[in-house]
Amino acid sequence: MNFYVRQTDALGDFLNSIPVLAGLHNKFGKYNLIVKHQTEKFKGFKDFLMYQDLFENVYFDNEFSGEVIALDNWGTEREYKRNPNRPIETCKYENFLKDVYGIDFEVDDNYILKYPKCDIEIKDTYYVGDRWDHFSTDSRRKTNILSHLKDFEFIDFNNDLLTNCYIIKESKKPFITNFTGVGMMADLLNKELFCVWKPEDWNPEWIVGDDITWDNGKNINQVFEKHFYLDRKAKLVHAKDLEKYL
């Protein structure tokens, strides 16, 4: 079987498909996974996916030709939640497969990302995963949002993904992040995290007082619900309140 996550090359949106991909593995065993070739921008992306031990092989879409079953994060019942704690984006992948292809499977909501032990010193401080400043990053929101936290260690996006998984999970304090890919990575690692936000992180047209409107009118709590499990260890924290938690 060949499954193709064809709609996104954003790390966070892609990671929201992982519990669905794990559920498909639980149902069918290993299969081929095809991803957009633009995801090559994430160092070690294929190695990260293969280390999860879910797939027979991983291909970029410009390397693969053949019949595929698509995973899109939209569908007939777009945001219908069979599990109230499941991220909305994860539900959208699930609903697409069930509505379009009629595939009977269960999302693996207990899936924890796998990573190897790395020979890296983990410092006794907070680690921060800021929004990546990359030319392909969605420009409707700002990058380097947490750069004022100068006394902490920042995740280096020059590392491969498995190395950053190790650093995030093995760090001794809660992870500090925002609405960005390493935040969803930390959630799938079941790492305690603070998802820090303020309205000014968004461009002015998305700000509504001390809140935002996003993705067809979602407020900040609904945006959090889009991407994070509500029964893991992620906590939404306004930037003005972060110091209370540290």
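The values are calculated or read from the model by the stated rules, or taken from the named source; none is laboratory data. Please read these numbers as outputs of a predicted model, since none were measured by experiment. Ideal geometry is used to build each Cβ from the backbone, glycine not excepted, and the neighbour counts take in all protein chains shown. Side chains are part of the model used for accessible areas, which takes the heavy atoms of the whole protein and leaves out ligands, DNA and RNA. Shrake-Rupley method; radii C 1.70, N 1.55, O 1.52, S 1.80 Å.
State whether one or more residues within the range 233-244 are open to solvent by less than 60 Å² (accessible area, probe 1.4 Å), part of a strand (DSSP E or B), over 22 Å from residue 117 (Cα atoms) and modelled with pLDDT under 95. No, every residue in the range 233-244 fails to be open to solvent by less than 60 Å² (accessible area, probe 1.4 Å), part of a strand (DSSP E or B), over 22 Å from residue 117 (Cα atoms) and modelled with pLDDT under 95.
Taking the criterion of being touching a helix residue (DSSP H, G or I) at 6+ places or on another chain (Cβ under 6 Å) and farther than 21 Å from residue 101 by Cβ, the residues of the range 52-86 that qualify are 60, 62. The criterion of at least 2 residues that are more than 18 Å from the chain's Cα centre (by Cα) is met by the following helices (runs of 4 or more DSSP H) wholly inside the range 1-69: 18-28.
Summed over the range 191-213, the residues that are part of a strand (DSSP E or B) and either open to solvent by less than 70 Å² (accessible area, probe 1.4 Å) or touching a Cys at 6+ places or on another chain (Cβ under 8 Å) (or both) give a count of 9.
Inside the range 70-91, residues that are surrounded by 15 or more Cβ atoms within 10 Å (Cβ to Cβ), of a type in the set (Lys, Arg) and either in contact (Cβ under 8 Å) with a residue 24 or more places away in the chain or part of a strand (DSSP E or B) (or both) make up a count of 1. Of the set (1) closer than 22 Å to residue 79 by Cα; (2) touching a residue at least 24 places away in the same chain (Cβ under 8 Å); (3) assigned to a helix (DSSP H, G or I), all apply to residue 105 but (3). Cβ-Cβ distances below 9 Å connect the following pairs, each with a first residue in the range 145-169 that is closer than 12 Å to residue 116 by Cα, a second residue that is of a type in the set (S, T, N, Q), and a separation of six or more residues or different chains: 167/159; 169/190. Just one of the numbered conditions (1) under 20 Å from residue 9 (Cα atoms); (2) surrounded by 14 or more Cβ atoms within 10 Å (Cβ to Cβ); (3) free of Cβ contacts under 8 Å to residues at least 40 places away in the same chain is not true of residue 65: (2).
Okay, residues lined up against (1) polar (S, T, N, Q); (2) farther than 23 Å from residue 16 by Cβ:
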| position | (1), (2) |
| --- | --- |
| 190 | yes, no |
| 201 | no, no |
| 206 | no, no |
| 229 | no, no |
| 245 | no, yes |
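Summed over the range 122-154, the residues that are within 28 Å of residue 40 (Cα to Cα), within 22 Å of the chain's Cα centre (by Cα) and in a loop (DSSP other than H, G, I, E, B) give a count of 17.
If you take the residues of the range 161-190 that are farther than 14 Å from residue 122 by Cβ and either surrounded by fewer than 16 Cβ atoms within 10 Å (Cβ to Cβ) or among the hydroxyl-bearing types (Ser, Thr, Tyr) (or both), which of them is modelled with the highest pLDDT? My answer is 177. For the range 155-191, filtering for residues that are over 23 Å from residue 9 (Cβ atoms) and touching a Ser or Thr at 6+ places or on another chain (Cβ under 9 Å) leaves 4.
Taken over the range 40-54, the criterion of being out of contact with any strand residue (DSSP E or B) (no Cβ under 9 Å at 6 or more places or on another chain), over 19 Å from residue 22 (Cα atoms) and open to solvent by 60 Å² or more (accessible area, probe 1.4 Å) is satisfied by 43 alone. For the range 215-229, state whether one or more residues are open to solvent by less than 20 Å² (accessible area, probe 1.4 Å), outside any loop (DSSP other than H, G, I, E, B), closer than 27 Å to residue 93 by Cα and polar (S, T, N, Q). No, there is no match, as no residue in the range 215-229 is open to solvent by less than 20 Å² (accessible area, probe 1.4 Å), outside any loop (DSSP other than H, G, I, E, B), closer than 27 Å to residue 93 by Cα and polar (S, T, N, Q).
Say whether the condition of being over 14 Å from residue 176 (Cβ atoms), over 20 Å from the mean Cα position of the chain (by Cα) and in contact (Cβ under 8 Å) with a residue 12 or more places away in the chain is met by at least one residue in the range 214-235. No, the range 214-235 contains no residue that is over 14 Å from residue 176 (Cβ atoms), over 20 Å from the mean Cα position of the chain (by Cα) and in contact (Cβ under 8 Å) with a residue 12 or more places away in the chain.
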